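What follows is a short report on a single structure.
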Amino acid sequence: MTTLIRSVKVIDGTGKPAYTADVLVENKKIAAIGYFPNKTAEKIIDGMGYYLAPGFIDIHSDADHSLSIFSNPEQKEYLAQGVTTIIGGNCGSSLAPLLYGTLESIQKWADINQINVDWQTMADFLKVLEKRNLGVNFFTLVGHSTIRRSIVGEAFRDLTDKELEVFKKVLSEALEQGGLGFSTGLSYAHSQRTSFKEIEALAEVVKKHDGVYATHLRNEKEGLLDSINETIKIAEETGAKIIVSHFRPLIGNEENFKQALELLEKTKTETFFDVYPFDVSMMPIYKLLPLWAQNGGLALMREQLLDHQLFQRILRELPPLKKEDLTIASAPGNEFLVGKNIGEIAKNQGVPISEALLKLMITTRLKALVFYKNINMDLVLESLIHPKSFISSNTIRLQEKAFLKFLQMVNGKLPIEEAIRKITSQPAQMFNLQERGMIKESFFADLVMFKNPNAPVIEVTIINGQIK
């Protein structure tokens, strides 16, 4: 298949000024860039008046956590916003490797009974995906919780020296087989007590493979500064490249956020963060419980809610909520709740909002995901244009079109060439995605064409030389 895009304004992903050229695509690669008035091709696209950029790269996707790479392999929601490459396996949970073929680590995001698992190693998993003909390029990190729970089950304890050596071996093999790095979800119940020693030892493995360590911080509120300092210390002691996942300015915690951002600016380590252009956090509903009540698995948390005295204590300690602050994103087995806000649920039940929230946790067995409106958008804008930031979607609500919204929000704040660099060559280089992220001869033909850079609408998407 050959495609020729004529007279298009090329934003090549490097940050250099845009220029007008013809771009020839042959099979999967960009074959030539220049002026070819007499060249023919199987498909010719008139690019006059349009911009051409490398396909956007989402470094923090939940398409694996939601299992949509199986239920919705075309991934049209990503294509509609110009995303051609997604990276999963974030927040400590990946779909591989599976020592015993189970997916407990993603059960907070999806119904893990909806697919049959027929892989164990990272290599096995990537072969399974090859057969599914995904609409986008998919890469993954290796999840800490995924491996840890295979080793110790539901136990909350430190690993023994022997168990840690097994963990390091499994991680190393997964990275050799195609994993891009390693992730932790340190604020989740099963990982909160993970020791610094354990993380450091595993980050050293990541460094040896030149991978990326992405971390969902241990505490994003009152303990934010301690969590950032812990992360920077990991970078200092191991030399690993680190990304702080969904680094967000929570309402009421803005000063801590600003101080944490200063720490990231001052460090000489390769420590970065990703951010999404929304005012909501997507989280498991149990994360709204007081920290002491996030103890044990979901079954134990639910037992606490069924105890009258503990129910009343938790009720008193819940954060204040307005009726539109919380919306149900998913609720396996209770799909009728999806899209409803907590105010509607409270009104239907005839109870205060806080009580409705706890009853909702009981009804959904704490397996619901919620969108919580708790982010300061003024500081988000500052984060989007920060030199240490990467852009991500980090949500299953892809109709919000994170990457198009990012381009709109930074219009006038960043030159379009620099904005495109942040979502193309910058993440490609960070994650060692070879021959991707730039419009360059011999690179993979992942391309997006749009008309208005200030309010872009994607007109053409090409992935690996194929027009989608």
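Miscellaneous remarks
- All of (1) charged (D, E, K, R); (2) in a strand (DSSP E or B); (3) within 29 Å of GLU317 (Cβ to Cβ) hold for ASP274 with one exception: (3).
- When residues of the range 268-281 are limited to those that are touching a residue at least 12 places away in the same chain (Cβ under 8 Å) and surrounded by fewer than 18 Cβ atoms within 10 Å (Cβ to Cβ), the one nearest to VAL212 (Cα to Cα): GLU270
- Residue in the range 238-247 that is within 13 Å of ILE59 (Cβ to Cβ), buried (at least 20 other Cβ atoms within 10 Å of the Cβ), modelled with pLDDT of 95 or more and among the hydroxyl-bearing types (Ser, Thr, Tyr) present: yes
- Per-region count, the range 79-113, residues under 21 Å from ALA329 (Cβ atoms) and touching a helix residue (DSSP H, G or I) at 6+ places or on another chain (Cβ under 7 Å): 12
- Just one of the listed residues (VAL205, VAL170, VAL166) is within 22 Å of THR269 (Cβ to Cβ) and at pLDDT 95 or above, namely VAL205.
- Considering residues of the range 447-468 that are assigned to a strand (DSSP E or B) and of a type in the set (S, T, N, Q) only, the residue least open to solvent (accessible area, probe 1.4 Å): THR461
- Hits in the range 11-29 - residues which are in a loop (DSSP other than H, G, I, E, B), surrounded by fewer than 21 Cβ atoms within 10 Å (Cβ to Cβ) and either touching a helix residue (DSSP H, G or I) at 6+ places or on another chain (Cβ under 7 Å) or of a type outside the set (D, E, K, R) (or both): THR14, GLY15, LYS16, PRO17, ALA18, ASN27
- With respect to the conditions (1) touching a Leu at 6+ places or on another chain (Cβ under 8 Å); (2) more than 20 Å from LYS287 (Cβ to Cβ), PHE70 lacks only one, and its number is (1).
- Which listed residue is at positive phi, out of contact with any Asp or Glu (no Cβ under 9 Å at 6 or more places or on another chain) and not hydrophobic (A, V, I, L, M, F, W, C), from GLY49, GLY143: GLY49
- Subset tally (residues that are within 17 Å of LYS108 (Cα to Cα), out of contact with any Phe, Trp or Tyr (no Cβ under 9 Å at 6 or more places or on another chain), in contact (Cβ under 8 Å) with a residue 24 or more places away in the chain and not in a helix (DSSP H, G or I)) for the range 317-360: 4
- Residue match in the range 23-44 (condition: hydroxyl-bearing (Ser, Thr, Tyr) and under 30 Å from ASP274 (Cα atoms)): no
- Any hit, the range 367-377, residues being surrounded by fewer than 17 Cβ atoms within 10 Å (Cβ to Cβ), free of Cβ contacts under 8 Å to residues at least 60 places away in the same chain and farther than 19 Å from TRP109 by Cα: no
- Within this structure, PRO456 fails the test of being within 19 Å of TYR276 (Cβ to Cβ), of a type outside the set (Ser, Thr, Tyr) and without any contact (Cβ under 8 Å) to a residue 24 or more places away in the chain.
- Only a single criterion out of (1) polar (S, T, N, Q); (2) modelled with pLDDT of 95 or more; (3) not in a helix (DSSP H, G or I) is not satisfied by GLN259, namely (3).
Matching residues to (1) in contact (Cβ under 8 Å) with a residue 40 or more places away in the chain; (2) in contact with a Ser or Thr (Cβ under 9 Å, 6 or more places away or on another chain); (3) within 21 Å of GLU230 (Cα to Cα); (4) not aliphatic (A, V, I, L, M):
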residue	(1), (2), (3), (4)
PHE138	yes, yes, no, yes
ARG157	no, no, yes, yes
ASP161	no, no, no, yes
VAL166	no, no, no, no
LEU186	yes, yes, yes, no
ALA189	yes, no, yes, no
GLU198	yes, no, yes, yes
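- Of all residues making up the range 157-171, the number that are in a helix (DSSP H, G or I) and more than 24 Å from the chain's Cα centre (by Cα): 7
- Enumerated strands (runs of 3 or more DSSP E) restricted to the range 38-156, each holding at least 3 residues that are closer than 30 Å to THR14 by Cα and either open to solvent by 10 Å² or more (accessible area, probe 1.4 Å) or among the polar types (S, T, N, Q) (or both): 43-46, 137-140
- Whichever residue in the range 172-226 is part of a helix (DSSP H, G or I) and under 19 Å from GLU154 (Cα atoms) and, among such residues, is farthest from the chain's Cα centre (by Cα): GLU198
- First in the range 29-55 and of a type in the set (Phe, Trp, Tyr), second anywhere and open to solvent by 30 Å² or more (accessible area, probe 1.4 Å) and outside any loop (DSSP other than H, G, I, E, B), Cβ under 6 Å, 6 or more apart: TYR51/LYS9
- Condition met for SER105 (of a type in the set (S, T, N, Q), within 21 Å of MET301 (Cα to Cα) and modelled with pLDDT of 85 or more): no
- Complete set of residues in the range 293-315 that are assigned to a helix (DSSP H, G or I) and more than 17 Å from LEU357 (Cβ to Cβ): ALA299, LEU300, GLU303, GLN309
The values are calculated or read from the model by the stated rules, or taken from the named source; none is laboratory data. In this text, all values refer to a predicted model and were calculated from it rather than measured experimentally. All Cβ positions, glycine included, derive from the backbone under ideal geometry; neighbour counts span all protein chains shown. The accessibility values were calculated without ligands, DNA or RNA, using every heavy atom of the protein model including side chains. Shrake-Rupley method; radii C 1.70, N 1.55, O 1.52, S 1.80 Å.
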